[in-house]
Amino acid sequence: MTADMVETTEGETASGTREAARGAKRVRWAPGDHILWRYRDNADAGRIHICRPMTVVQDTDELLAVWMAPGTPCIRPVLADGTPVHREPLSTRYTKPRRTARDQWFGTGVLKLARPGDPWSVWLFWERGWQFKNWYVNLEEPRRRWAGGIDSQDHFLDICVYPDRHWEWRDEDEFAQAQRDGLMTAAQAAEVRSAGRAAIAHIGAWGRPFPDGWENWRPDPAWPVPRLPEDWDHAPGHLRS
């Protein structure tokens, strides 16, 4: 992989952006490649606060599929004193000072599926023993692709989809609190809610990737757990290959 690719948003349609994208070298990853899936801080868009090394399963014009293995080293936000964010009461969860911490993904693995341009990605979760648990629609900014991975920003609101195809909103309390704390304007929140409704319509139509059988997919046992590079938070184009 090269590290000099112009950063582009997957699915952008503006003619100028299309022309620029044609002139840039397009990254296409092969199965088994390691990339970073990162999220920018909602309070400071110039700061990465979540970073997860992933193994590429599939990368085509229609879909990026990546695997986060159990035991993967990652970066997550914590409060300044090291307290996990989810343990802080909601009223002060987004206003107390934070920092990032190195951690490890201790649960079962997660398969993430992202279609270019969608303001969400679809995550698959399993119980131990590969008993499929659910799909999780993570509402987020359309991902920006660069030589070492993809960047996005989480939009707080999510949707859980179960094997019997029924769904439910998740984290509506966090979505509301983020607005109260100024992390999202009313206009931005309306766009996120609209994206959620579009996702629900897509679920109702059982559009891809839901009918594609990904719940039966299994990782290659020869794949190693990706490492977390020291410069995980560098700007796109500056990470070493």
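Values in this text are rule-based calculations from the coordinates and carry no lab data. Remember, predicted model here, so these are calculated numbers, not experimental data. Cβ placement follows ideal geometry from the backbone for every residue including glycine, while neighbour counts extend to all protein chains displayed.
Summing +1 for each Lys or Arg and -1 for each Asp or Glu, what net charge is found among the other residues whose Cβ lies under 13 Å from the Cβ of residue 84?
With Lys, Arg at +1 and Asp, Glu at -1, the neighbours total +3.
For residue 191 and residue 91, what is the calculated FRET efficiency with R₀ set at 41 Å and r taken between the beta-carbons, to the nearest 0.05? Walk me through the numbers before you get to the answer.
On the way: r = 25 Å, r/R0 = 0.61.
After rounding, the FRET efficiency stands at 0.95.
Where does each of 112, 133 land when they are ranked from fewest to most other beta-carbon atoms within 10 angstrom?
Working: 112 20, 133 14.
By the 10 Å Cβ count, ascending: 133, 112.
Determine, for 208, 87, 143, the number of other Cβ atoms within 10 Å of each Cβ, and report the residues in order from fewest to most.
If I rank by nearby Cβ atoms, fewest first, I get 87, 208, 143.
So between residue 166 and residue 227, what do we pick up on full extension, going 0.36 nm a residue minus the alpha carbon distance?
Result: 18.3 nm gained on full extension.
Mean residue ellipticity at 222 nm from the helices of the chain, using -39,500 (n - 2.57) per DSSP H segment of n ≥ 4 over the full residue count, to the nearest 500 deg cm²/dmol?
Rounded to the nearest 500, the figure is -5000 deg cm²/dmol.
So who's got an amide H within less than 5 Å of the one on residue 156, skipping anything under 5 residues away but keeping other chains? H placed 1.01 Å off N, in plane.
Amide H neighbours of residue 156: none.
For residue 180 and residue 62, FRET efficiency with R0 = 30 Å and r from the beta-carbon atoms, rounded to 0.05? Walk me through the numbers before you get to the answer.
Details: r = 38 Å, r/R0 = 1.27.
The computed FRET efficiency comes out at 0.20.
How big is the dipole moment of the chain about its Cα centre under a simple scheme where the beta carbon of each Lys and Arg is +1, that of each Asp and Glu is -1, and everything else is neutral? Debye, nearest 20, please.
300 debye
So what's the chain giving for Rg/Rh, alpha carbon basis, Kirkwood Rh from the mean inverse pair distance? Please list the in-between numbers first.
On the way: Rg = 17.6 Å, Rh = 18.8 Å.
Taking Rh as the inverse mean 1/r over Cα pairs, Rg/Rh reads 0.94.
Give a residue-ordered list of calculated ³J(HN,Hα) values for segment 128-133 (Karplus: 6.51 cos²θ - 1.76 cosθ + 1.60, θ = phi - 60°; whole Hz; x for Gly, Pro).
These are the phi-based 3J(HN,Hα) values: 4, x, 6, 7, 5, 9 Hz.
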